[in-house]
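The values are calculated or read from the model by the stated rules, or taken from the named source; none is laboratory data. Quick caveat, the model's predicted, so the values are computed rather than measured. Reconstructed Cβ throughout: ideal geometry from the backbone, glycine too, with neighbour counts over all protein chains shown. Surface accessibility is based on the protein's heavy atoms, side chains included, excluding ligands, DNA and RNA. Shrake-Rupley method; radii C 1.70, N 1.55, O 1.52, S 1.80 Å.
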Amino acid sequence: MDDKKRPPSKRPSQSAIETRMILMPQDTNQYGTAFGGVIMSWIDIVASMVAQRHSQRVVVTVSIDRITFDAPVYVGEHVVLKGSVNYVGNTSMEIGVRVSKENPMTGETEITTRAYLTFVALDENKKPVSVPGLIVETEEEKRRYENARLRVQARKELLGRLKS
Ligand SMILES: CC(C)(COP(=O)(O)OP(=O)(O)OC[C@H]1O[C@@H](n2cnc3c(N)ncnc32)[C@H](O)[C@@H]1OP(=O)(O)O)[C@@H](O)C(=O)NCCC(=O)NCCS
């Protein structure tokens, strides 16, 4: 890694995003609950905006490591998406997105989905370029960083084993 080319480090809070959508009938499957692809699209949008804010570059999704749907979302419920940078490599960034649903009538909330996405920042020639380092301070930020580091390590080990 060429640290001279690396922009100054930033905190996860400097790029974190929280937004909400409402689940409309056209976003559902035949059971009247959210169609997974719609939620995945919202997750990709939120995560890419976090990666853009951290790197201040054009970014592309390179992988979605894990996504789980833990509870169904029904028409009319609010879908709250929170995204932040978990980890950075040299040119790549892992963004974690946590999705919860909120019943607007009762205020009840429940986590429905978690996802980890990796983006790469590109320069003017569409080549991977160094991103700012990450300053992790809180216990939660340190836990997220360490878990993401383990995911990166596991992915590299698995790829190595698959090739051999
Ligand atoms: C992203 C892209 C430019 C990377 O090109 P590349 O030749 O693999 O570049 P590198 O090998 O230098 O890897 C760049 C970074 O991506 C990471 N990376 C590559 N493949 C990865 C994968 N499958 N999962 C996670 N990270 C990956 C590398 O570890 C490296 O990270 P680092 O710099 O932090 O160490 C290229 O794969 C691409 O254009 N992909 C298509 C992206 C796209 O169109 N996305 C839209 C969704 S359809």
* **Efficiency of FRET between residue 124 and residue 65 - r from beta-carbon atoms, R0 41 angstrom, step 0.05** => 0.90
* To do: Using a 1.4 Å probe over the heavy atoms of the protein chains, calculate the carbon and sulfur portion of the accessible area of region 7-164 as a whole percent.
  => 53 percent
* So how strong a dipole does region 11-164 carry about its Cα centre when Lys and Arg Cβ are +1 and Asp and Glu Cβ are -1, to the nearest 20 debye? -> 700 debye
* To do: Taking the Cα centre of region 120-164 as origin, sum charge times position over the Cβ atoms of Lys and Arg (+1) and Asp and Glu (-1), and report the length of that vector in debye to the nearest 20.
  => 440 debye
* **Simple label model, 7 Å out from Cα along Cβ direction - residue 45 to residue 18, nm** => 1.9 nm
* Relative contact order for the chain using alpha-carbon pairs under 8 Å, separation at least 6, rounded to a whole percent? -> 27 percent
* Pairing the Cα long axis of helix 139-163 with the longest principal axis of the chain, what angle in degrees results, from 0 to 90 and rounded to the nearest 10? -> 70 degrees
* To do: Report, to the nearest 10°, how far helix 36-55 tilts away from the longest principal axis of the Cα atoms in the chain, using its own Cα long axis and a range of 0 to 90°.
  => 40 degrees
* Tell me, what HN-Hα J-couplings in whole Hz come from the Karplus equation 6.51 cos²θ - 1.76 cosθ + 1.60 at θ = phi - 60° for each residue of region 69-81, using x for Gly and Pro? -> 10, 9, 8, x, 10, 9, 3, x, 7, 7, 10, 9, 10
* region 74-122, relative contact order [Cα under 8 Å, separation at least 6], % -> 35 percent
* Asked: For region 83-138 and region 53-74, what is the separation of their C-alpha centers, rounded to whole Å?
  -> 6 Å
* Asked: Using the Karplus equation 6.51 cos²θ - 1.76 cosθ + 1.60 (θ = phi - 60°), what ³J(HN,Hα) coupling, rounded to whole Hz, does each residue of region 29-35 give in order, writing x for Gly and Pro?
  -> 8, 5, 9, x, 10, 4, 6
* Structure fact -> Output for region 65-153: trypsin sites (Lys or Arg not before Pro) sitting in coil per DSSP, at most 12 other Cβ within 10 Å, listed by number, reads 126
* Unit charges at the beta carbon, dipole of the chain: most positive-side option, 99, 67, 89 -> 89
